[in-house]
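In what follows, a structure is listed as structure tokens, so that the remarks can point back to it.
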4 protein chains.
Amino acid sequence: MGSVIVRDAKGRVSFGPWDLVIQGLILVTLAAYAIETLPGLSEPITRALRLFELVTVGIFTGEYLLRVLLSRPPKSYVFSFYGVVDILAILPFYLSTGVDLRTLRAFRLLRLFRILKLARYSSAIQRFHRAFLLIREEMVLFGAAAGILLYLAAAGIYHFEHQAQPERFASMFHSLWWATTSLTTVGYGDVYPVTTGGKVFTFLVLVVGLGVVAVPTGLFAAALSKARDIEDQH
Amino acid sequence: MGSVIVRDAKGRVSFGPWDLVIQGLILVTLAAYAIETLPGLSEPITRALRLFELVTVGIFTGEYLLRVLLSRPPKSYVFSFYGVVDILAILPFYLSTGVDLRTLRAFRLLRLFRILKLARYSSAIQRFHRAFLLIREEMVLFGAAAGILLYLAAAGIYHFEHQAQPERFASMFHSLWWATTSLTTVGYGDVYPVTTGGKVFTFLVLVVGLGVVAVPTGLFAAALSKARDIEDQH
Amino acid sequence: MGSVIVRDAKGRVSFGPWDLVIQGLILVTLAAYAIETLPGLSEPITRALRLFELVTVGIFTGEYLLRVLLSRPPKSYVFSFYGVVDILAILPFYLSTGVDLRTLRAFRLLRLFRILKLARYSSAIQRFHRAFLLIREEMVLFGAAAGILLYLAAAGIYHFEHQAQPERFASMFHSLWWATTSLTTVGYGDVYPVTTGGKVFTFLVLVVGLGVVAVPTGLFAAALSKARDIEDQH
Amino acid sequence: MGSVIVRDAKGRVSFGPWDLVIQGLILVTLAAYAIETLPGLSEPITRALRLFELVTVGIFTGEYLLRVLLSRPPKSYVFSFYGVVDILAILPFYLSTGVDLRTLRAFRLLRLFRILKLARYSSAIQRFHRAFLLIREEMVLFGAAAGILLYLAAAGIYHFEHQAQPERFASMFHSLWWATTSLTTVGYGDVYPVTTGGKVFTFLVLVVGLGVVAVPTGLFAAALSKARDIEDQH
């Protein structure tokens with residue numbers, strides 16, 4: 001089995017084809033995590049899921065220890081991004097065995113960090129990173145514009161609707177929820193303006209706001225095409 | 001009528017202008033299928049629709065047999081993509097005559113495969129295919145990102161809303177339905193967060209998620225323009 | 001006043017600065033039409049609106065007659081696109097005086113054709129026309145794809161939801177309404193799937209469908225940029 | 001402290017690093033404004049917020065007076081865009097001390113002009129301005145098209161739905177609210193068509209309308225990329 005251990009120029013360790021097996025295992029544990037939340041599971045299924053959890057945590061712990069041992073120096077892995085992700089993915093299991101059931105729930109969410117382990121093996125994510133760097137400035141500006149717009153929209157709708165719907169527009173923070181669902185065009189329908197002033201204001205906010213929300217995605221699509229062209233030239 | 005039978009370089013058969021007639025007939029059968037679902041149809045109309053179904057299945061069967069006979073070798077058609085589509089389009093009729101009414105419904109849906117027969121005659125679909133090949137890698141990455149995002153969104157909202165709304169966010173699979181309608185910005189309004197934590201989480205998910213969902217369409221539009229430019233150069 | 005009458009190379013007539021006055025008048029009549037629909041208008045306002053309608057129809061009639069008289073030959077205007085629009089814009093008034101109140105409502109809608117008169121004066125619309133010609137083929141294909149998608153979505157959701165919600169998904173035509181509001185991401189919330197099968201199906205339809213609906217707008221935006229570049233080169 | 005006062009070529013004054021402090025203070029006052037709207041605040045918190053308001057208005061007033069004194073000539077600042085914004089940001093406080101509580105609310109909204117003070121310090125906004133100039137013509141045309149579309153959509157849906165839902169589609173102005181929420185795809189679900197005619201009409205309006213609303217954002221994204229390319233060339 002020693003022959004499958006590969007060490008790259010930076011001293012990082014990979015396990016060749018075994019990496020794929022571990023990736024597949026991560027996906028299965030994520031599915032198991034989802035199944036665990038189903039209400040009314042029978043006793044045998046619950047026990048099987050618990051056993052599966054035990055086995056996978058064992059495998060992930062073994063993988064972590066191997067990586068620590070094989071890295072030169074071990075510190076380089078322990079304090080690297082993926083080293084932290086890997087420990088976060090197994091820690092919840094060990095921590096939750098000693099504590100009572102209440103706090104157990106929050107720890108379980110940490111298991112989701114396993115999903116980040118999938119990213120370890122994909123080099124294509126770098127193109128996305130380059131595309132993002134190309135339009136970083138615009139993204140910051142649009143982020144600021146979106147923030148200002150959300151604030152002004154919330155302040156305005158609070159002014160128009162607070163008296164007509166004191167429950168739904170109880171404060172500017174409640175109004176921010178309206179601004180979020182409206183400007184993203186989700187529009188659940190749990191909160192919407194009923195006064196004429198509020199409706200006219202909503203119209204104006206949407207005319208300006210849809211652009212602020214939609215333009216960045218267009219920019220990113222263009223940047224991705226550009227990042228690809230630059231790659232092709234090299 | 002023999003003069004309208006055309007055989008191309010690969011030995012595939014087409015019926016010249018009669019192909020257009022068959023296409024038109026497919027559209028009419030689709031309309032008839034929709035009309036059949038209307039509640040409270042009168043007896044004469046139901047009978048007319050059944051007769052029409054009989055006639056069209058007869059024509060499609062004749063077309064299928066002709067194609068089998070004329071193809072060289074016949075196998076090349078029977079096991080081709082369109083050969084399978086053509087048999088799936090007429091099979092439901094013959095299968096449903098021998099069985100009881102319960103399973104009949106599922107077979108009827110197979111009739112919708114007739115819609116794929118329309119694609120046979122369009123060569124312009126190839127440009128879409130080329131455009132898709134240009135950005136295949138990005139599409140796979142965005143698909144993976146969308147999958148991870150949906151999973152994390154469902155896990156997160158389950159954590160925040162499960163206790164406040166145990167019915168609507170009963171499990172992570174129920175939460176996935178919320179994630180689907182929210183990230184596509186459909187927002188039916190049948191399920192939405194009510195806790196402060198859930199609302200803040202929704203805000204963060206939407207900020208990241210709208211890009212993941214919207215960028216691929218922008219990429220595809222750019223790829224289509226590119227595919228067109230490449231064509232024009234040849 | 002004769003000096004403001006301009007006749008272009010094709011023999012078409014325009015009234016110089018008076019054209020702007022007529023455009024403004026059209027906008028005011030559109031506003032008046034909207035105000036007329038307000039419930040509970042006082043008698044004096046109703047009378048004022050009726051008088052205003054009388055005056056504007058008089059002016060538009062005079063304009064129409066002038067154009068007929070001045071065009072060479074008069075036929076060229078009467079049977080032109082704008083000639084038909086102009087007569088449709090004044091005809092409702094004359095037709096509705098002789099008939100009872102029931103059919104009057106439908107005629108009134110014809111008054112909206114006045115809005116098309118605004119297009120007469122804008123030459124910039126031609127750029128939009130050129131951009132549309134650039135991507136006509138793609139638009140036809142996307143139109144066909146959207147049609148097929150709507151049909152399949154309606155047929156599928158009817159299959160999954162008809163038994164669970166026989167009122168809302170009463171037929172495939174009712175299901176088409178669901179498909180329309182879902183694929184455009186409007187999502188009013190008046191109709192949505194409740195079965196697990198219907199929800200999974202909705203997820204699949206939305207993944208495919210959002211692209212089919214959103215890509216054409218991206219294509220058109222790209223075509224408009226292109227049409228502009230071509231103009232700049234000349 | 002005199003050394004931090006910088007005067008640029010146009011005679012405008014800036015306070016070097018102190019500008020950043022003032023920007024931060026603006027953000028904090030905006031947060032305080034939001035917190036003030038929370039219902040059920042305790043007495044000490046309300047008093048603290050009032051004190052904070054007093055202090056910040058004092059600082060902003062000092063800043064305003066300094067700018068007036070240091071500008072050459074003082075008029076150039078007082079009547080400049082930012083001069084007006086700066087006075088609007090502090091005026092509400094002084095005006096609201098002399099009047100009763102009713103009108104106080106409206107004045108408070110003027111405080112939001114402080115947000116515009118943030119724009120003073122960002123030079124990157126100029127790129128957005130240039131991109132907008134590139135597509136000004138198209139934007140005007142799309143604005144006109146959107147206006148016409150909204151009007152026709154409201155008139156049409158009023159015709160179809162007024163009799164079936166006289167409350168929700170009471171007038172064309174009520175129908176405009178439906179047109180706004182539908183064409184922006186927000187779809188709150190508070191108002192939607194129920195008649196077959198209204199649903200078919202909605203389908204047609206959405207097919208045309210989504211493009212009119214979505215294309216401008218695509219155009220702006222393309223213009224921003226272009227504006228960037230032009231910059232890079234210089």
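Give me the net charge for the shell around A:Ile135: Cβ to Cβ below 15 angstrom, other residues only, Lys and Arg +1, Asp and Glu -1.
Residues near A:Ile135 contribute +2 overall.
May I ask you to report, in nm to one decimal and beginning with the shortest, the distances from A:Glu137 to the same position in the other copies, taking label points 7 Å along Cα-to-Cβ?
Label-point distances to the other copies, shortest first: 2.7, 2.7, 3.9 nm.
Taking a 27 Å limit on the Cα-Cα distance, which of the listed pairs A:Lys199/D:Lys199; B:Lys226/D:Lys199; B:Lys226/D:Lys226; C:Lys199/D:Lys199 fall beyond it?
B:Lys226/D:Lys199
Smallest Cβ-to-axis distance in chain C, for the rotation taking C to D: which residue, how many Å?
C:Gly189, 3
Using a cut-off of 12 Å between beta-carbons, work out the net charge of the residues near A:Pro193 (Lys and Arg +1, Asp and Glu -1, A:Pro193 not included).
Around A:Pro193, the surrounding residues sum to 0.
What does the copy distance list look like for C:Val68, label position 7 Å along Cα→Cβ, in nm and ordered from shortest?
6.8, 6.8, 9.6
At 7 angstrom along the Cα-to-beta-carbon line, where would the label on B:Phe79 sit relative to the other copies? Give the distances in nm, shortest first.
Copy-to-copy label distances for B:Phe79: 6.3, 6.3, 8.9 nm.
Quick check: pseudo-label points 7 Å beyond the Cα along Cα→Cβ at A:Arg50 and D:Val6, how many nm apart are they?
Result: 6.6 nm between the two label points.
At a Förster radius of 41 Å, what calculated FRET efficiency corresponds to the Cβ-Cβ distance of D:Val85 and A:Leu133, to the nearest 0.05?
0.75
Please identify every one of the GluC sites (Glu not before Pro) in segment B:132-219 that sits in a loop by DSSP and has no more than 15 other beta carbons within 10 Å of its own beta carbon.
Filter output for segment B:132-219: B:Glu167.
Am I reading the A/D interface right? What is its buried accessible area, both sides, 1.4 Å probe, to the nearest 100 Å²?
When A and D are taken together, about 3100 Å² of accessible area is lost.
How large is ³J(HN,Hα) for each residue in segment B:67-84, as worked out from phi by the Karplus curve 6.51 cos²θ - 1.76 cosθ + 1.60 (θ = phi - 60°), to whole Hz, x for Gly and Pro?
For segment B:67-84, the Karplus curve yields 5, 5, 5, 7, 6, 10, x, x, 3, 4, 7, 4, 9, 7, 4, 6, x, 5 Hz.
Charges on Cβ only, +1 for Lys and Arg, -1 for Asp and Glu, centred on the Cα centroid of segment C:160-234; of C:Thr196, C:Gly211, C:Val186, which one is farthest towards the dipole's positive end?
Positive-most Cα among the choices belongs to C:Thr196.
The values are calculated or read from the model by the stated rules, or taken from the named source; none is laboratory data. Just so you know, these numbers come straight off a predicted model, no measurement behind them. Heads up, the Cβs are rebuilt from the backbone with ideal geometry, glycines too, and the neighbour counts pull from every protein chain shown. Surface accessibility is based on the protein's heavy atoms, side chains included, excluding ligands, DNA and RNA. Shrake-Rupley method; radii C 1.70, N 1.55, O 1.52, S 1.80 Å.
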